[in-house]
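Enquirer: Sharing a structure here in structure tokens format.
The values are calculated or read from the model by the stated rules, or taken from the named source; none is laboratory data. The structure displayed is predicted, hence computed values, not measured ones. Quick reminder, even Gly has a Cβ in these numbers, built from the backbone with ideal geometry, and neighbours come from all protein chains shown.
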Amino acid sequence: MKIVKDFSDYKILDMSNGKKLEQWGDYILNRPDPSIIWNKEINNELWASADATYERSSSGGGNWQNVTKKMPDSWIISYDDLKFNLKLMGFKHTGLFPEQAVNWRLIKEIIKNANREVKVLNLFAYTGAASIAALSEGASVVHVDSSKGMIEWAKENVKVNGLNDKPIRFIVDDVIKFVKREKRRGNKYDIIIMDPPTFGRGTSGEIWNLEDNLFDLVNECSNLLTDDALLFLINSYTTGVPKTILENILQLAVNEKISGSIESYELGLPMKDSNLVLPCGMSAKWTR
């Protein structure tokens, strides 16, 4: 497991009974997490300090409750030289997955050490944390997501980081359709990143199912890699799909075309002043 230990603006303060108490910069949030199946609080006096609490509804979904007056509509936190604009989203999220700091650092290091121009394709790109990491090291980025709202949020993050003049294209499109068009156009990339959901819909209602579609997508994407490609990174939060499966997909779809190294790993976030670690999905990477 790769654990994020250097994210000073993010901390897990406590976790118990299906919930985690987190500090995001100046604000403390109480959010559900189904993997927290124990019911022992370590810092029980801290829970009352939450600035907002996400409560699930018995009919599905949920909403933020007990939001304090000091809680802004949006706020900024930092990781190293990267900045992120956060908001309370309708489905418990803030627009950032802090465990991905492991991969932001990986992306930055690979681009920095390449000592050449690097083209990056970021698929299911969400609010753009990986895109910003790549841009910050001088890469050119194509950022693809089917949600126009997420694209606009990513643009805000680029602006917050002062990277407006850097080479990034924002594409609102179904990922599979976009990749097939890029193949026909003959476009190539040195780095491909994807963070696919378990289920989803494209811009025209196309159905995405990770278990049914991931291999075919990775196989199509392998045709977009340059001959001297650097990285193919897959992130997954889908339970029931072990990280070894992601390794197998990279082996069959990428490594048999361009020889490299494959590694998979769990991502984790530590709890402050504790030996507890919260598992937060997994990644698999192919590298040159």
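Enquirer: Going by the conditions given, is residue 81 among the charged types (D, E, K, R), surrounded by fewer than 13 Cβ atoms within 10 Å (Cβ to Cβ) and modelled with pLDDT of 95 or more? Write out each step before concluding.
Expert: Values: among the charged types (D, E, K, R): yes; surrounded by fewer than 13 Cβ atoms within 10 Å (Cβ to Cβ): yes; modelled with pLDDT of 95 or more: yes.
When the stated conditions are applied, residue 81 passes them.
Enquirer: If a residue must be farther than 29 Å from residue 205 by Cβ and surrounded by fewer than 23 Cβ atoms within 10 Å (Cβ to Cβ), how many such residues does the stretch 136-155 contain?
Expert: 4
Enquirer: Determine the pairs where a residue that is in the same structural domain as residue 175 (by TED's automatic domain parsing) and surrounded by 13 or more Cβ atoms within 10 Å (Cβ to Cβ), located within the stretch 195-211, has a partner that is among the aliphatic types (A, V, I, L, M) and assigned to a strand (DSSP E or B) with Cβ atoms under 7 Å apart, the partner being 6 or more residues away or on another chain.
Expert: What qualifies is 201/207; 203/172.
Enquirer: If you check 238, 244, which single one turns out to be in a loop (DSSP other than H, G, I, E, B), surrounded by fewer than 20 Cβ atoms within 10 Å (Cβ to Cβ) and of a type in the set (S, T, N, Q)? Let's see the steps before the verdict.
Expert: Numbers: 244 fails: in a loop (DSSP other than H, G, I, E, B).
Of 238, 244, the one residue that is in a loop (DSSP other than H, G, I, E, B), surrounded by fewer than 20 Cβ atoms within 10 Å (Cβ to Cβ) and of a type in the set (S, T, N, Q) is 238.
Residue-by-condition table, conditions (1) aliphatic (A, V, I, L, M); (2) within 14 Å of the chain's Cα centre (by Cα); (3) at pLDDT 95 or above:
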{"residue": "61", "(1), (2), (3)": "no, no, no"}
{"residue": "77", "(1), (2), (3)": "yes, no, yes"}
{"residue": "87", "(1), (2), (3)": "no, no, yes"}
{"residue": "98", "(1), (2), (3)": "no, yes, yes"}
